[in-house]
Amino acid sequence: MTNQGIAALIAAVVLGGLIVFQVLLALGVPWGKAAWGGQHPGALPANLRWGSAAAAVVLGFAMWMVLARAGWVAPGSDALWVKIVTWIFTAYFAFNVVMNVLSTSAIEKAIMTPASAILVIGLVLVSLL
């Protein structure tokens, strides 16, 4: 497996974990302290549950782009729009690192900051290699 493939695999696994987390939040699992700034202990309110459902879709799209950029799924690594979208997701997760560092929730900082940082590194490697 190439370095790009390893980076894509790691990023896809992290994204998969985040997708599961967001889906569970959307379904009402009481982990609100670990998401959305940690201001809602227990289950999230309805608007943030919808936000978590939307986040799961966005994360799924990010996973598809990572795997496409690595050449594992269609449309493949040569599609210009895949290259562009992968860099957009890189910036998105870099912004997430900053927002998670600024979170008032210790658990969100402890879990989501490293997850976002791993994604930034993985996406940069997938994009450059």
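A few remarks follow.
- One residue stands out in the range 74-117 among those that are surrounded by 13 or more Cβ atoms within 10 Å (Cβ to Cβ) and charged (D, E, K, R): the one that is nearest to Pro41 (Cα to Cα), namely Glu108.
- When the range 33-54 is limited to residues that are assigned to a helix (DSSP H, G or I) and in contact with a Ser or Thr (Cβ under 9 Å, 6 or more places away or on another chain), the one that is surrounded by the fewest Cβ atoms within 10 Å (Cβ to Cβ) turns out to be Gly37.
- Residue in the range 3-14 that is touching a Leu at 6+ places or on another chain (Cβ under 7 Å), modelled with pLDDT under 95 and part of a helix (DSSP H, G or I) present: yes
- The set of residues from the range 85-106 being closer than 22 Å to Ile19 by Cβ and more than 17 Å from the chain's Cα centre (by Cα) comprises just one member, Ser105.
- Members of the range 62-105 that are assigned to a helix (DSSP H, G or I) and touching a residue at least 40 places away in the same chain (Cβ under 8 Å): Ala62, Met63, Val66, Leu67, Arg69, Lys83, Thr86, Trp87
- Extreme residue, nearest to the chain's Cα centre (by Cα), among residues of the range 119-129 that are β-branched (Val, Ile, Thr) and surrounded by fewer than 18 Cβ atoms within 10 Å (Cβ to Cβ): Ile121
- Qualifying position, being in a helix (DSSP H, G or I) and under 21 Å from Thr2 (Cβ atoms), among Val126, Val58: Val126
The values are calculated or read from the model by the stated rules, or taken from the named source; none is laboratory data. This structure is a prediction, so every number in the text was calculated from the model and none was measured. Methodologically, a virtual Cβ is constructed for each residue, glycine included, from the backbone with ideal geometry; neighbour enumeration extends over all protein chains shown.
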